[in-house]
Each structure stands twice: as C-alpha cells, then as structure tokens.
Amino acid sequence: MGQHDWVVGALADRAFTVFDTETTGLDPRSCRLVEIGGIRFDGRGVISRFNVLIDPGIPMPSEVTKINGITDAMLKGKPAAAAVLPDFLRFVGDSVLVAHNAPFDLSFVNEELARVGGKPLANRVVDTRLFAREVFPGLPKYALQDLAVRLGIEALEAHRAEDDARVCMELFLRCVAALVERNPALGAAAPSQTATTTQSHKPAAAADDLFQDEEEQYEIEGDDQSL
C-alpha cells in the first residue's frame, strides 16, 4: 500500500484546500507572509478561491521582489496577517490541506498564528512534492515549476500565491490519476468525476458564503523552497 493511496477515496467525500504562500524570505521566525492563495475543491470540482495580499510590517527585500514581483507599494494599506488569518482558517475549515513543499508554507502560517496566540493548523496534509516523488520516481527535479513544465501544466503567474496554488492542484490531480493508473483497484473508491479548474459547484455552506462583501479586501472566485 502506497503512502498516498488514501487520497483517492478521500476525494469522494472530503474537501481539499490547496494553498501557497509568498513571503519576505525563507525563515518564518524573522520573515513574514505577504500573500496567501488557496483553492478549495473536491472530487466534483472547484468550490471556491481565496487570495489576499498582506502587509508584512517590514520592507519587501528587493531580491524577493525580483522573484515574485510583489513590491512595497502593492502591500501598502493591505491587511495585516492578524486580520487575514481568521478568514483563511474559516476558508480552510477541516479540509485536507495540499501544498508543494508543505513544511515551508505551514511553518509560515503557523508562525503567524503563534504571533497572535493561535494554535497551529492540525489538518491532514498532502505534500505534492512527496506525492510526485512516489508516482513519478526518478525525475531530476521536483520543484513545482519544474514538474509543471514536465507534465505540461501551464503556469500563468509563477511565484504568485493563487496561481502557484492552481498549478499545485493540477499537479495533485495528475498524481492521483497516475496513482490510479498504476493501481486500478484504487479506482473503485475514486469519485466519478475528477476536479478541474473550469468546473465549479457550491454545496451547502460553501466557503464562498464566508466572503460575500464586495468591498472586502479578499479576492474570491467560484522547488524545494519557495517564496
């Protein structure tokens, strides 16, 4: 039994939230979040999206801006992490989290939660870097953008949180498909329709319902290290 076999059955009756963060650097103790992007989905399709820029309270290093294109001017007047995190936690709920090199993103979110006296995320987590290593063994690189190129997944805004989250979701679904192809017996537990970025549905109490104010500052629509 493979490490990720459980994922196939979980897609039939669990919500998943793929997310990505952009930060001011690599150390969560001294650096800060500047963007969180997320997509909530299940076996039927995309449920909702979450994207927000965050004022880190410290200058954006120029070398980081060269990577993700996020500037101090873009962050001026945006909400602080303390204001964003409660809504992100409601968006995530009890869903299974999905991230590429998940310890990096989790460490930043959990460090920001700790700064405001919150508890660390306790959700089950799928790391697509490890998932890809299991189902696509022997590749030279397992960074998100390298895998995207190899698998023909188009990146529209590399190193921006929401698009990296979308690419990560596409990678996750490719991994699930490869897992089922390798072990057809798992297909019996799989949902009849695989999630796609173009399909959308809103079950009762969909996450979109948490963010109905048009004036809100959140945008909601129906590598081994990353910034």
Can you give the Kirkwood hydrodynamic radius for the range 5-204, in Å, rounded to one decimal and based on Cα pairs?
-> 17.4 Å
Calculated FRET efficiency, Trp6 and Glu63, Cβ-Cβ r, R0 41 Å, to nearest 0.05?
-> 0.55
Loop trypsin sites (Lys or Arg not before Pro), the range 69-118, which have at most 16 other Cβ atoms in a 10 Å radius of their Cβ (DSSP) | Lys76
Just report the Cα centroid separation between the range 55-108 and the range 16-45, whole Å.
-> 6 Å
Points 7 angstrom from Cα along the Cβ direction at Asp94 and Ala143: gap in nanometres?
-> 3.9 nm
Exposure proxy order (Cβ contacts within 10 Å, fewest to most) of Leu113, Leu53 | Leu113, Leu53
What is the distance, in nm, between label points placed 7 Å from the Cα along the Cα-to-Cβ direction at Leu151 and at Ala82?
-> 3.9 nm
Express the relative contact order of the range 5-204 as a whole percentage, based on alpha carbon pairs under 8 Å and six or more residues apart in sequence.
-> 31 percent
Charge tally for neighbours of Ala132 with beta carbon under 11 Å away, counting Lys, Arg as +1 and Asp, Glu as -1, is +2
Residues Cys175, Cys168, Cys31, sorted so that the one with the fewest Cβ neighbours within 10 Å comes first = Cys31, Cys175, Cys168
Fewest first, what order do Thr65, Thr128 take by the number of other Cβ atoms within 10 Å?
-> Thr65, Thr128
DSSP loop (so not H, G, I, E, B), at most 14 other Cβ within 10 Å: list which GluC sites (Glu not before Pro) in the range 1-100 pass both filters.
-> none
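FYI, it's all coordinate maths here, none of it is from the lab. Keep in mind the model is a prediction, meaning the values are calculated, not measured. All Cβ positions, even for glycine, are placed from backbone atoms using ideal geometry, and neighbour counts span all protein chains on display.
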